[in-house]
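For reference, the structure is listed below as structure tokens.
The values are calculated or read from the model by the stated rules, or taken from the named source; none is laboratory data. Note that this is a predicted model, so its numbers are computed, not measured. Heads up, the Cβs are rebuilt from the backbone with ideal geometry, glycines too, and the neighbour counts pull from every protein chain shown.
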Amino acid sequence: MATNLTKGQATRERIVRETAPLMNKTGFLSTPLADILQAIGMEKGGFYHHFASKEDLALEAFEHATSEARQRIQEAMRGKVGAAAQLRAMIEGYRAVKAGKFLEGGGCPILNAAVESDDTNPRLRDAARLVMDRWRGIINGILTAGIASGEFRADIDPDTASTWVISCIEGGVMMSNLYKDPIYLNRMLDQLLKFIDGALAHPL
């Protein structure tokens, strides 16, 4: 949480922080305002003093949820040297996030926002696309650097591979959420680790 905040700013941040898990689980757009007010212990008038609309809160809650997930993955990757090591750490980071309260908290906020917004809410859809673009860019960059350094095979296409990596993770999250069983995500993560081994220019 930022320092030197005004009372109003601190309250706004508290609302976002306390409602992000709820909205990720029950819907960034579809969570009833009554549930939000109960979660933050506030009357409707107080809420609208800080947010012009529930949609505005939904966008900030989405950004907060994705930022927290991103920080956990970055922490898992910190200090890893080499493209393969970074990708392995990222994949294992998703396994670690899941082992905590990832599934209990509603799963991946990007997937949830993408499904919920569809064509009905361009603002949330655009926010989800932006976060997805960042994620694809990170993986693409790691793969590109690995190819340039000779760590990965030259015939690997970074854009195609990054799309496949994300699709495997999100598909595993979706199935694990549906069945409330982490085995589906774990299976996809195991396949991704095999992909990394197979992409090495000089297999171990």
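Among the candidates 88, 95, 123, 153, single out the residue that is at pLDDT 95 or above and under 18 Å from the mean Cα position of the chain (by Cα). Show your work before the answer.
On the way: 95 fails: at pLDDT 95 or above; 123 fails: at pLDDT 95 or above; 153 fails: under 18 Å from the mean Cα position of the chain (by Cα).
Checking each option against the conditions leaves just 88.
Condition check: aliphatic (A, V, I, L, M) and either surrounded by fewer than 16 Cβ atoms within 10 Å (Cβ to Cβ) or touching a strand residue (DSSP E or B) at 6+ places or on another chain (Cβ under 6 Å) (or both). Does residue 52 satisfy that? Considered against the rule, which asks whether it is aliphatic (A, V, I, L, M) and either surrounded by fewer than 16 Cβ atoms within 10 Å (Cβ to Cβ) or touching a strand residue (DSSP E or B) at 6+ places or on another chain (Cβ under 6 Å) (or both), residue 52 comes out as yes.
Looking at the structure I just gave you, is residue 63 surrounded by fewer than 19 Cβ atoms within 10 Å (Cβ to Cβ), within 16 Å of residue 9 (Cβ to Cβ) and charged (D, E, K, R)?
On the way: surrounded by fewer than 19 Cβ atoms within 10 Å (Cβ to Cβ): yes; within 16 Å of residue 9 (Cβ to Cβ): yes; charged (D, E, K, R): yes.
Yes, satisfied.
Condition test on residue 88, is it under 22 Å from residue 112 (Cα atoms) and among the basic types (Lys, Arg)? Criteria not met by residue 88. Checked against (1) without any contact (Cβ under 8 Å) to a residue 40 or more places away in the chain; (2) touching a Cys at 6+ places or on another chain (Cβ under 8 Å), residue 69 passes all but a single condition, namely (1).
Residues in region 65-78: is at least one of a type in the set (Gly, Ala, Ser) and touching a strand residue (DSSP E or B) at 6+ places or on another chain (Cβ under 8 Å)? No, because not a single residue in region 65-78 is of a type in the set (Gly, Ala, Ser) and touching a strand residue (DSSP E or B) at 6+ places or on another chain (Cβ under 8 Å).
Within region 133-163, the set of residues being without any contact (Cβ under 8 Å) to a residue 24 or more places away in the chain, within 16 Å of residue 88 (Cα to Cα) and either loosely packed, with under 14 Cβ neighbours inside 10 Å or among the polar types (S, T, N, Q) (or both) comprises 140, 144.
Residues are listed down the side, and each one gets a yes or a no for (1) farther than 20 Å from residue 142 by Cα; (2) part of a helix (DSSP H, G or I); (3) modelled with pLDDT under 95:
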{"position": "25", "(1), (2), (3)": "yes, yes, yes"}
{"position": "29", "(1), (2), (3)": "yes, no, yes"}
{"position": "36", "(1), (2), (3)": "yes, yes, no"}
{"position": "49", "(1), (2), (3)": "yes, yes, yes"}
{"position": "74", "(1), (2), (3)": "no, yes, yes"}
{"position": "84", "(1), (2), (3)": "no, yes, no"}
